[in-house]
1. On the basis of being among the small types (Gly, Ala, Ser) and surrounded by 10 or more Cβ atoms within 10 Å (Cβ to Cβ), does SER17 make the cut?
2. I'd like to check something: does region 21-32 contain any residue that is of a type outside the set (A, V, I, L, M) and touching a His at 6+ places or on another chain (Cβ under 7 Å)?
3. So which residues in region 25-42 are in a loop (DSSP other than H, G, I, E, B) and either open to solvent by less than 90 Å² (accessible area, probe 1.4 Å) or of a type in the set (A, V, I, L, M, F, W, C) (or both)?
4. Kindly provide the set of residues from region 16-38 that are under 14 Å from LEU63 (Cβ atoms), of a type outside the set (Val, Ile, Thr) and either at pLDDT 95 or above or touching a Phe, Trp or Tyr at 6+ places or on another chain (Cβ under 8 Å) (or both), ordered by number.
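The values are calculated or read from the model by the stated rules, or taken from the named source; none is laboratory data. Keep in mind that this is a model prediction, so the values were computed, not measured. Every residue, glycine as well, gets a Cβ built from its backbone with ideal geometry; the counts of neighbours run over all protein chains shown. What goes into the accessible areas is simple: the full protein's heavy atoms, side chains included, and nothing from ligands, DNA or RNA. Shrake-Rupley method; radii C 1.70, N 1.55, O 1.52, S 1.80 Å.
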Amino acid sequence: NYLASPVNAPIVLFRTSSHEESIFQEWRKLTHGEFSETMVPGHTFSMLTPPHVDVLAEQVAELLKSAR
């Protein structure tokens, strides 16, 4: 029953191609700031395990580096 409220912060959605884009549409409504998507290999759970997690980690590191 939890309903999330939008935040005043950017949101980056790391997602895989294993789902249709339409299921991620609600994420856009959760920010008053910038919203972006970054594709990573694997699926919902395997993106967090080797070897896919290496790509995810590189993407997160690049995002944090550019935010400085």
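1. Details: among the small types (Gly, Ala, Ser): yes; surrounded by 10 or more Cβ atoms within 10 Å (Cβ to Cβ): yes.
Judged against the criteria, SER17 is a match.
2. Initially, region 21-32 is screened for residues of a type outside the set (A, V, I, L, M), giving 21-22, 24-29, 31-32.
Imposing the further condition that a residue be touching a His at 6+ places or on another chain (Cβ under 7 Å) reduces the set to none.
Within region 21-32, not a single residue is of a type outside the set (A, V, I, L, M) and touching a His at 6+ places or on another chain (Cβ under 7 Å).
3. Of all residues in region 25-42, those in a loop (DSSP other than H, G, I, E, B) come to 29-30, 32-34, 40-42.
LEU30, GLY33, VAL40, PRO41, GLY42 - these are the residues of region 25-42 that are in a loop (DSSP other than H, G, I, E, B) and either open to solvent by less than 90 Å² (accessible area, probe 1.4 Å) or of a type in the set (A, V, I, L, M, F, W, C) (or both).
4. Across region 16-38, the qualifying residues are PHE35, GLU37.
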